[in-house]
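The values are calculated or read from the model by the stated rules, or taken from the named source; none is laboratory data. Model, not experiment: these values are computed from the prediction. As a convention, Cβ positions derive from the backbone with ideal geometry for all residues, glycine included, and neighbour counts pool all protein chains shown. Areas reflect the complete protein model, heavy atoms only, side chains present, ligands, DNA and RNA absent. Shrake-Rupley method; radii C 1.70, N 1.55, O 1.52, S 1.80 Å.
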Amino acid sequence: MTTWQDVLAQHAHLFAEVQPGASIALAPGSPPRAQVKQVRDPVPMQLWLRGPDRMAVVDGEYRGLKSLVSDVLFLPEAGALETALAHEAPLSELKRELRDGRMLVMVMRSRSELRERGWSEFFEALGLPFQGTCR
Amino acid sequence: MSARPGEAKLPHLFKPGRIGRYAAPNLVKYGACCVSNYNTRDGFITPRELARTRVIAGTGCGIITNQGAYPDPKGEGKSYFRQVALYDDKFLPQFETIARYIHDAGAVAIQQILHAGRYGGIDLGYCVQPSVVPQTLPHFRPPREMSKDDIRRCIGEHVDAARRAIKAGFDGVEVTSFMGYLLASFNSKFTNQRSDEYGGTIENRGRFMRELIDAIKQALPEHPFIVRLNGAELMDQWGGNTEDECFELMRQAAGCGVDMISVTVGWQEAPESSIGRDVPPGYWNRLAIRAKQECPNTLIAYGNRLPDPVMANDCLGRGEFDYWEVCRPMLADPELVHKAAEDRLDEVRRCIGSLNCLSRVFRDLPYSCTMNPALGHEVEPEYAITPAAVKKKVLVIGAGPAGMEFATTAAKRGHDVTVIERGSRIGGNLLGYATHDLARPDDLLSVVRHYEVMAKKLGVKLQFNTEANPKFMRSVLHQYDVCVVAAGARVDLGAYAHVEGRERLVDALDVASGKAKAGARVVVLGGNKVGLVIAESLRKAGAEVALVESGKRIAEDVMPTFKWRHTSWVEELGIRTLTLTRLVRITPDAVVVADAKGAETTIPADTVIAAGPRRSNQELFAEFEWMVDELHGCGDALMPRGMDAAIHEGYRLGVRI
Ligand SMILES: Cc1cc2nc3c(=O)[nH]c(=O)nc-3n(C[C@H](O)[C@H](O)[C@H](O)COP(=O)(O)OP(=O)(O)OC[C@H]3O[C@@H](n4cnc5c(N)ncnc54)[C@H](O)[C@@H]3O)c2cc1C
Ligand SMILES: Cc1cc2nc3c(=O)[nH]c(=O)nc-3n(C[C@H](O)[C@H](O)[C@H](O)COP(=O)(O)O)c2cc1C
Ligand code: SF4
């Protein structure tokens with residue numbers, strides 16, 4: 001069965017510039033916005049963490065925004081990560097989930113820091129705009 | 001002045017109004033649509049801006065709102081690269097000039113104060129907010145929480161800025177919370193998570209707004225005060241305010257005695273479009289109607305994506321709101337109100353909702369408008385339409401947007417203009433674009449209709465079904481002083497010369513114009529704007545469509561605020577997309593493509609559409625060089641780009657020739 005580790009490895013080119021130590025936290029919840037709290041009781045989260053040579057998937061605990069050290073926070077609806085993984089193209093499905101609100105994103109650093117930390121390619125691939133959008 | 005003929009047809013729009021002790025000549029409010037990025041980086045208004053505001057003052061609106069100025073010296077409220085400031089008297093002279101322009105034109109002058117809050121601090125490494133709620137768009141700065149002292153100081157800075165505006169000669173002041181600025185972030189339960197008296201219940205969240213209103217009303221009791229408030233935030237997925245809560249906040253504002261509430265829609269971060277081309281005119285009117293019902297004793301101004309004066313007149317007539325607040329339609333055509341008053345609505349250049357204006361503002365560039373090439377260049381005489389010193393006979397080749405914009409502009413200057421066109425009507429490739437557009441074809445067709453009307457009114461001669469070639473040119477030798485090649489571009493089928501099976505290729509422009517028909521299984525080569533529009537339209541009509549793009553991403557040539565629209569259509573419609581993929585060969589029933597590593601894939605296809613690269617129709621330049629005195633070109637004929645460049649170039653050539 002495919003794991004997120006396999007997916008990250010398949011798309012290694014999107015993370016080629018990501019700096020060691022940079023990470024994305026994925027904290028599922030329903031509705032996703034329920035996790036937007038400064039402090040909360042710990043719940044399981046997944047970290048996509050840049051190691052010396054590749055992205056690694058690590059388990060962690062989400063305790064609210066205040067103590068989060070990741071660069072980016074993904075808030076998938078409960079079950080959305082599993083749905084994406086079962087899909088033939090998990091990243092495309094993730095993108096769809098982002099678009100229809102089954103997954104939300106918060107950025108924990110400034111745009112230039114995110115760029116310096118190497119996230120531009122991945123953000124572009126997900127269609128996360130670097131622009132403010134008055135639509 | 002006696003009533004002009006159109007005023008009787010739009011009696012509600014042209015009814016005199018009143019705000020506080022000020023009389024307005026009609027019920028049209030120029031919405032603050034002017035964060036222009038024309039000013040200095042440190043907040044001073046430039047001659048370029050003054051020239052622009054002179055045009056705004058002359059639009060004929062009863063109330064005119066000058067662009068939002070940030071009120072604090074640190075620039076925490078500053079949201080745009082060249083936004084104007086009002087935190088010191090040193091800025092006053094130019095504001096005085098603007099207030100004078102507005103009064104000279106007979107309108108009520110309102111100065112807007114714009115503290116961007118969550119979207120501010122553009123020159124700082126942070127922004128200020130009621131609570132630390134991280135950004136959802138990387139474009140904006142990381143947040144810092146405001147202390148109670150910060151809140152007090154911030155209200156004080158708003159009051160000082162308001163006093164300064166009045167000192168400069170403005171009649172009243174407006175504070176905006178448009179699209180999620182500071183006021184909106186206090187009101188919202190998404191961004192306001194405070195546990196003190198400024199957060200929690202809706203009563204507490206509205207406290208900042210009420211204190212702000214009270215402070216300004218106390219400081220300036222004689223002067224109208226307006227707030228812009230969301231009728232809907234469109235932030236449900238983030239737990240933003242519900243519509244009911246938005247209206248409760250409006251009632252709070254009304255209760256504090258604001259003179260007018262301007263109803264807006266959406267936040268920058270909202271996933272849904274609020275003012276784009278895919279939103280039908282009038283779509284959000286219900287919010288204004290409810291605002292009027294809930295706050296019957298407060299003036300309600302409204303106009304988001306309500307570009308049509310006839311619709312607005314009807315809404316005013318039904319009492320749905322009190323002032324039509326217009327913004328982009330006035331950018332596209334600053335003469336809109338005068339044309340309506342003179343019963344010349346057919347001459348209006350409609351705002352097509354392209355959002356080129358805001359795309360540019362968010363790229364830190366001065367704003368410009370697809371439909372109004374002179375916008376932002378009012379200070380330059382070179383951009384003005386002035387009588388031509390030498391009246392010339394001009395031949396234009398091509399009735400696309402570039403050729404027609406040139407032709408109508410040149411005709412306004414007194415030139416004698418003839419357009420020859422291979423096809424049977426005005427529009428060029430814009431017609432094909434409009435036919436297949438999923439957003440709002442009518443907006444694009446309005447551009448074509450405008451040229452049809454203006455060509456007729458200006459006496460531009462049109463010769464259809466006529467191909468310009470050397471033989472034709474010889475037949476009209478010495479009859480014209482000027483020839484303008486506006487013949488557009490074509491798909492460069494020569495680029496596929498080496499491809500096996502290329503005879504099965506169909507030209508995307510032929511599909512767009514209806515000359516060629518596509519089957520049920522289509523492969524489109526080129527994920528650019530032409531390829532995307534065709535792919536989306538065919539898919540919508542039921543075909544199975546795959547899009548093959550040799551570059552890394554699709555929609556690379558699409559303007560920033562519309563890229564997301566294409567990528568989401570592609571996904572919603574289920575168009576298979578292969579990027580970093582090149583065409584290998586075409587077989588009788590399929591297309592073979594290869595990815596970056598050379599791995600081949602076969603895609604079954606009964607139609608293979610070539611959408612790129614495009615190539616300019618430039619041959620005529622060489623052929624006509626020795627046949628006419630002046631030879632010029634504009635639009636895609638110079639380099640394939642898009643509608644904006646075609647219109648702007650046609651105009652620039654028209655004012656110069
Ligand atoms: C499907 C599709 C989607 C598009 N999507 C977008 C988009 O999203 N955004 C955007 O900005 N643009 C888009 N465009 C492109 C846009 O329509 C063109 O860039 C624009 O029309 C160019 O204007 P133009 O006047 O320079 O040339 P054209 O519109 O191409 O007009 C040229 C005219 O010259 C005529 N002509 C050519 N040769 C001769 C000759 N020898 N004698 C007489 N007449 C001649 C042609 O018949 C044509 O009417 C799209 C186009 C298509 C087809
Ligand atoms: C280029 C541009 C600049 C704007 N600047 C402001 C501004 O300074 N303050 C504000 O409250 N709204 C601003 N707006 C929003 C408009 O006032 C208006 O609410 C919005 O464009 C929708 O109305 P419309 O459909 O008539 O354009 C701006 C809009 C545009 C397109
Ligand atoms: S650029 Fe587009 S949206 Fe903006 S005012 Fe002009 S036509 Fe309207």
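Quick one: in segment B:341-360, of everything that is among the aliphatic types (A, V, I, L, M) and away from ligand 2 (no atom under 15 Å from the Cβ), which residue is farthest from B:ILE275 (Cα to Cα)?
B:ALA341
Test of understanding: among B:GLU320, B:GLU335, B:GLU325, which residue is acidic (Asp, Glu), near ligand 2 (Cβ under 10 Å from one of its atoms) and in the same structural domain as B:ILE275 (by TED's automatic domain parsing)?
Step by step, each of B:GLU320, B:GLU335, B:GLU325 is checked, and only B:GLU325 is acidic (Asp, Glu), near ligand 2 (Cβ under 10 Å from one of its atoms) and in the same structural domain as B:ILE275 (by TED's automatic domain parsing).
Only one residue in B:ASP196, B:ASP236 is in contact (Cβ under 8 Å) with a residue 40 or more places away in the chain and surrounded by fewer than 24 Cβ atoms within 10 Å (Cβ to Cβ), so which one is that?
Within the list B:ASP196, B:ASP236, the selection yields B:ASP196.
If I go through segment B:237-283 residue by residue, how many of them are within 14 Å of chain A (Cβ to nearest Cβ) and assigned to a loop (DSSP other than H, G, I, E, B)?
18
Taking segment A:69-87 only, how many residues are more than 12 Å from every other protein chain (Cβ to nearest Cβ) and of a type outside the set (A, V, I, L, M)?
The qualifying residues number 5.
Run B:VAL591 past the list (1) under 30 Å from B:VAL394 (Cβ atoms); (2) in contact with a strand residue (DSSP E or B) (Cβ under 6 Å, 6 or more places away or on another chain) and report the number of the one that doesn't hold.
Only one criterion is unmet by B:VAL591, namely (1).
Open to solvent by 20 Å² or more (accessible area, probe 1.4 Å) and on the phi > 0 side of the Ramachandran plot: does that describe A:GLY127?
yes
Taking the conditions exactly as written (in a helix (DSSP H, G or I) and either closer than 27 Å to B:PRO224 by Cβ or not acidic (Asp, Glu) (or both)), does B:ILE155 satisfy them or not?
In short, yes.
Considering every residue within segment B:170-184, establish whether at least one is open to solvent by 30 Å² or more (accessible area, probe 1.4 Å) and either more than 13 Å from chain A (Cβ to nearest Cβ) or farther than 19 Å from B:GLN111 by Cβ (or both).
The answer is no; no qualifying residue exists.
Please determine whether any residue of segment B:536-556 is within 14 Å of another protein chain (Cβ to nearest Cβ) and on the phi > 0 side of the Ramachandran plot.
The answer is yes; a qualifying residue exists.
Report, by residue number, each residue of segment B:491-528 that is of a type in the set (A, V, I, L, M, F, W, C) and part of a strand (DSSP E or B).
B:VAL491, B:LEU505, B:VAL506, B:VAL522, B:VAL523, B:VAL524, B:LEU525
Enumerate the helices (runs of 4 or more DSSP H) found wholly within segment B:326-373, keeping only those where 2 or more residues are within 14 Å of ligand 3 (Cβ to nearest atom), more than 14 Å from chain A (Cβ to nearest Cβ) and closer than 16 Å to B:GLY31 by Cβ.
B:328-332
Given the structure, is B:MET639 more than 30 Å from B:VAL361 (Cα to Cα) and either open to solvent by 60 Å² or more (accessible area, probe 1.4 Å) or not assigned by TED's automatic domain parsing to the domain that holds B:HIS498 (or both)?
Criteria not met by B:MET639.
Which residue, of B:TRP238, B:TRP284, is within 24 Å of B:TYR323 (Cβ to Cβ) and of a type outside the set (A, V, I, L, M)?
B:TRP284
Return a yes/no flag: does segment A:39-56 have any residue that is in contact (Cβ under 8 Å) with a residue 24 or more places away in the chain and either assigned to a helix (DSSP H, G or I) or within 10 Å of another protein chain (Cβ to nearest Cβ) (or both).
Within segment A:39-56, not a single residue is in contact (Cβ under 8 Å) with a residue 24 or more places away in the chain and either assigned to a helix (DSSP H, G or I) or within 10 Å of another protein chain (Cβ to nearest Cβ) (or both).
Which one of these is of a type outside the set (Gly, Ala, Ser) and over 23 Å from B:PHE624 (Cα atoms): B:HIS478, B:HIS498?
Within the list B:HIS478, B:HIS498, the selection yields B:HIS498.
Say whether the condition of being open to solvent by 20 Å² or more (accessible area, probe 1.4 Å) and within 19 Å of B:MET371 (Cβ to Cβ) is met by at least one residue in segment B:460-475.
no
Go through segment B:5-52 and report how many residues are open to solvent by 60 Å² or more (accessible area, probe 1.4 Å) and in contact with a Ser or Thr (Cβ under 9 Å, 6 or more places away or on another chain).
Residues meeting the conditions: 1.
Give segment B:57-72 a look and list any residue that's crowded, with 23+ Cβ neighbours inside 10 Å and touching a Pro at 6+ places or on another chain (Cβ under 7 Å), or say none.
Hit for segment B:57-72 is B:GLY62, nothing else.
Among B:THR577, B:THR602, which is part of a strand (DSSP E or B), outside the structural domain of B:GLY353 (by TED's automatic domain parsing), surrounded by fewer than 16 Cβ atoms within 10 Å (Cβ to Cβ) and without any contact (Cβ under 8 Å) to a residue 60 or more places away in the chain?
On inspection, the qualifying residue turns out to be B:THR602.
Could you grab the pairs with beta carbons closer than 6 Å, sequence gap of 6+ or different chains, first residue in segment B:446-469 and touching a residue at least 40 places away in the same chain (Cβ under 8 Å), second one open to solvent by 70 Å² or more (accessible area, probe 1.4 Å)?
That search, which allows pairs on different chains as well, returns B:SER446/B:ARG350; B:VAL453/B:ASP346; B:PHE464/B:SER424; B:ASN465/B:SER424; B:GLU467/B:ARG422.
Considering only residues of segment B:544-564 that are touching a residue at least 40 places away in the same chain (Cβ under 8 Å) and open to solvent by less than 30 Å² (accessible area, probe 1.4 Å), which is nearest to B:GLY519 (Cα to Cα)?
Looking at the filtered set, the residue picked out is B:ALA546.
Could you tell me how many of the residues in segment B:1-58 are within 30 Å of B:PRO381 (Cβ to Cβ) and within 24 Å of the chain's Cα centre (by Cα)?
Going through segment B:1-58 one residue at a time, the tally reaches 28.
Does B:ASP308 satisfy being farther than 27 Å from B:GLY120 by Cα, within 15 Å of ligand 2 (Cβ to nearest atom) and within 14 Å of chain A (Cβ to nearest Cβ)?
For B:ASP308, the condition - farther than 27 Å from B:GLY120 by Cα, within 15 Å of ligand 2 (Cβ to nearest atom) and within 14 Å of chain A (Cβ to nearest Cβ) - is not met.
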